[in-house]
1. Considering only region 154-163, state which residues are farther than 15 Å from Arg391 by Cβ and either surrounded by 16 or more Cβ atoms within 10 Å (Cβ to Cβ) or free of Cβ contacts under 8 Å to residues at least 60 places away in the same chain (or both).
2. Taking the stated definitions as given, is Ala314 closer than 19 Å to Gly333 by Cβ and surrounded by 15 or more Cβ atoms within 10 Å (Cβ to Cβ)?
3. Counting only residues that are assigned to a strand (DSSP E or B) and open to solvent by 20 Å² or more (accessible area, probe 1.4 Å), which one in region 171-196 is nearest to Pro148 (Cα to Cα)?
4. Within region 247-263, is even one residue open to solvent by 20 Å² or more (accessible area, probe 1.4 Å), in a helix (DSSP H, G or I) and modelled with pLDDT under 95?
5. Among the candidates Ala349, Ala337, single out the residue that is without any contact (Cβ under 8 Å) to a residue 12 or more places away in the chain and aliphatic (A, V, I, L, M).
6. Given the structure, is Ala266 surrounded by fewer than 16 Cβ atoms within 10 Å (Cβ to Cβ) and either over 25 Å from the mean Cα position of the chain (by Cα) or over 30 Å from Leu136 (Cα atoms) (or both)?
7. Determine whether region 347-359 contains at least one residue that is acidic (Asp, Glu) and under 13 Å from Leu254 (Cβ atoms).
8. Would it be correct to say that Thr202 is closer than 20 Å to Leu392 by Cα, among the β-branched types (Val, Ile, Thr) and open to solvent by 10 Å² or more (accessible area, probe 1.4 Å)?
Amino acid sequence: MTDFQMSLIAAGGVFVVGVISYNKWQEYKARKSVERAFAHDHDDVLMQGGAAPERDFATDALRQEPVLDGAPEPSHDVLTEPAIFAEPLQHAAPGPAPAAAPVPAAAAALDPVAELPAVKPDTPPAQLAENLVDPLIDCLIPLNSEGPLRGDRILPALLKLRRVGNKPVHFVGLAVNGDWEPIVHGGVYTKLQAGVQLATRTTALNELEYSEMVTRLRAVADEIGAEPEVPDMIEVMSEARTLHRFVAGHDAQLGVNLASKGAPWAMATLIGALENAGFDVRPDGKFVMADKEEGGGTLFTLSTNVTLGADTTARLTLLLDVPCVAPARDGFGKMVACAKDLVQRLDAAVVDDFDQPLTDEALEEIAGQVREFYQEMDAADIAAGSTRALRLFS
């Protein structure tokens, strides 16, 4: 076979590959055209008004972390009495708020009031959006699209990404009125923002979780026709570790113990006394003092220090989850008042973890330390008892 024949064969092969490639490209373009034609409803007259001014949610409240950057290594030095408990309390996830009327399942699953702690049902949508995707405690990832996105179309895809590890993931959208809002059925959005929480009470967002977040978010973005702007992993990990240092350094549970002066208390009698003192006895055996003046939020809890099946106990412990109770609710003051009331009801003594009496002077000193603790949290813009604090210390 001559060189000329070999050249003809090679040229023919190139021509055939070119024809096949061209046909594949035309097929791809046609398929995309059809998808675009049927991907959106044709009632976007809502979008024909004046264009909403573009805002970047990430710059609406830029992350200010000079206080966090200087946060001390994890410690509990603010509260130095031996009655401080370092073990985190496990909070039950808040239940969904009752709906006034039936809503679609996807909308109920993304109900922002149900997902956020300490948020009133009448909170404005813009405030809900900032609570869901918070620039201070979340890694924000913009999702850009060529055209408007309808809430009822994108909700099923967004529901597939709700959590990575133990870090919650939320989405908000830029509505036609120019405000960022939670994604709801019937809404129309020109931009989206995803947010993954940088830290919780137990851990910081790590490389594995962030990689999982990015991978799953890209799949969601492909499904809804959007493109994510993924932040650099090194910067995100640095922010996550900084935030977690602050959380670990301010994770304080303050305890006051009651010891029986005589025989152990019978549990049957004790439960009645605790109910009379204002405690709610939960089905799981927990005793909770609710703040009846502030909508029923938990002020402090009580532990009997024995198992559910025990007949008696000689020691009770009142626990205040300090970062989760706002200063205005005076959780420590009300806990001390409750302890003194129980002293009279049960013939008990207020003691520390080493069974040493806690005098009024010692309790007042602890109260001063609690006030300093709250000031530190305010300085970091993570006020105790706020939605931001409750998200972090959960």
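1. Within region 154-163, Ile154, Leu155, Pro156, Ala157, Leu158, Leu159, Leu161 qualify.
2. no
3. Of the residues in region 171-196, the ones assigned to a strand (DSSP E or B) are 171-175, 180-182, 188-196.
Now narrow it down to the ones that are open to solvent by 20 Å² or more (accessible area, probe 1.4 Å): 181, 190-191.
On the way: Glu181: 14, Thr190: 5, Lys191: 8 Å.
Among them, the one singled out is Thr190.
4. no
5. Within the list Ala349, Ala337, the selection yields Ala337.
6. On the way: surrounded by fewer than 16 Cβ atoms within 10 Å (Cβ to Cβ): yes; either over 25 Å from the mean Cα position of the chain (by Cα) or over 30 Å from Leu136 (Cα atoms) (or both): yes.
Against the criterion (surrounded by fewer than 16 Cβ atoms within 10 Å (Cβ to Cβ) and either over 25 Å from the mean Cα position of the chain (by Cα) or over 30 Å from Leu136 (Cα atoms) (or both)), Ala266 qualifies.
7. yes
8. Yes: the conditions hold for Thr202.
The values are calculated or read from the model by the stated rules, or taken from the named source; none is laboratory data. Owing to the predicted nature of the structure, the values given are computational and were not obtained by experimental measurement. Reconstructed Cβ throughout: ideal geometry from the backbone, glycine too, with neighbour counts over all protein chains shown. Remember, those area values only see protein heavy atoms, side chains included, never the ligands or the DNA or RNA. Shrake-Rupley method; radii C 1.70, N 1.55, O 1.52, S 1.80 Å.
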